Every structure is written in structure tokens, then in C-alpha cells.
Amino acid sequence: QVRLVESGGGFVQPGGSLRLSCAASGSAFSPNLMGWYRQAPGKQRELVASITNGGSTNYADSATGRFFISRDNKKNTMYLQMTSLKPEDTAVYYCNAQIFITNYWGQGTQVTVSS
């Protein structure tokens, strides 16, 4: 059974940085696509950034230039380095992994940006 475990969320002041991690386990196959999504209160879940197993990346406009996604295929772990954080980045951040045609989700980690 595939399991995704996020870590690294927390409280940070505007302009600060956080690094999120997502560790995948339970599959003999490395996810072909992994991504970070977020959901703020009262809003729909949205894509923040994604990365293929070949290292190709895609970012939402709101994340471009501030967030950086990476993955370690040997460890089946994905990261999101978030810099210059803004209050509007406050949300629950979810890890997503696609293995063949099946999508898996983590439980989410809260990121709060506030002064």
C-alpha cells in the first residue's frame, strides 16, 4: 500500500522560508509524477509545483521564482523549498504521487505565514 508522509510545515513570518518533504513508501515503482498542492480555507485545492521522475518541473505562477521543487528518486522523496513566503501562501500543503495511472495523496501539512 502506497503511503505518502509530508513534513516540514509550520509557522513562519512573511519573507521567511520553509522546506517541505514528502516521503513515499510501499511501492516497488518510483512515481512517474510527483507534485505539491495546497488548499487554503474556503478555496479549492490547487497545484503549486510538480516534477517528473526525469526531473522536469512545472510551477504555478504564484510559485515561480519563490518555490523550488526537487526529488531524490533513490529515496523516493520529494521536496519543496519555499522562500519569500507571503501570507497568501498560508494553506494546507499536500503531496501527490502518480504511479502509472493511480494518484496517491498525503495527509497534508499546515503552512502558516503571518506576522
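The values are calculated or read from the model by the stated rules, or taken from the named source; none is laboratory data. None of these values were measured; they are calculated from a predicted model. Cβ coordinates were reconstructed from backbone atoms using ideal geometry, including for glycine residues, and neighbour counts include every protein chain displayed. For the accessible areas, the whole protein counts, side chains as well, though only heavy atoms, and no ligand, DNA or RNA atoms are used. Shrake-Rupley method; radii C 1.70, N 1.55, O 1.52, S 1.80 Å.
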Looking at GLY108, GLY26, GLY55 in this structure, which one is at positive phi and at pLDDT 95 or above? GLY108
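A quick yes/no check of all residues on (1) over 20 Å from ARG3 (Cβ atoms); (2) under 15 Å from the mean Cα position of the chain (by Cα); (3) assigned to a helix (DSSP H, G or I); (4) hydroxyl-bearing (Ser, Thr, Tyr):
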position	(1), (2), (3), (4)
SER50	no, yes, no, yes
GLY65	yes, no, no, no
PHE68	yes, yes, no, no
LYS75	no, no, no, no
MET78	no, yes, no, no
TYR93	no, yes, no, yes
If ARG38 meets every condition in (1) modelled with pLDDT under 95; (2) surrounded by 14 or more Cβ atoms within 10 Å (Cβ to Cβ); (3) of a type in the set (Lys, Arg) apart from one, which number is that one? (1)
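Of these, SER70, SER62, which one is modelled with pLDDT of 95 or more, open to solvent by 30 Å² or more (accessible area, probe 1.4 Å) and in contact with a Phe, Trp or Tyr (Cβ under 9 Å, 6 or more places away or on another chain)? Full working, then the answer.
Working: SER62 fails: in contact with a Phe, Trp or Tyr (Cβ under 9 Å, 6 or more places away or on another chain).
Just a single option satisfies the conditions, and that option is SER70.
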Restricting attention to the range 16-31, which residues are open to solvent by 50 Å² or more (accessible area, probe 1.4 Å), more than 16 Å from ALA49 (Cβ to Cβ), touching a strand residue (DSSP E or B) at 6+ places or on another chain (Cβ under 9 Å) and not polar (S, T, N, Q)? GLY26, PHE29
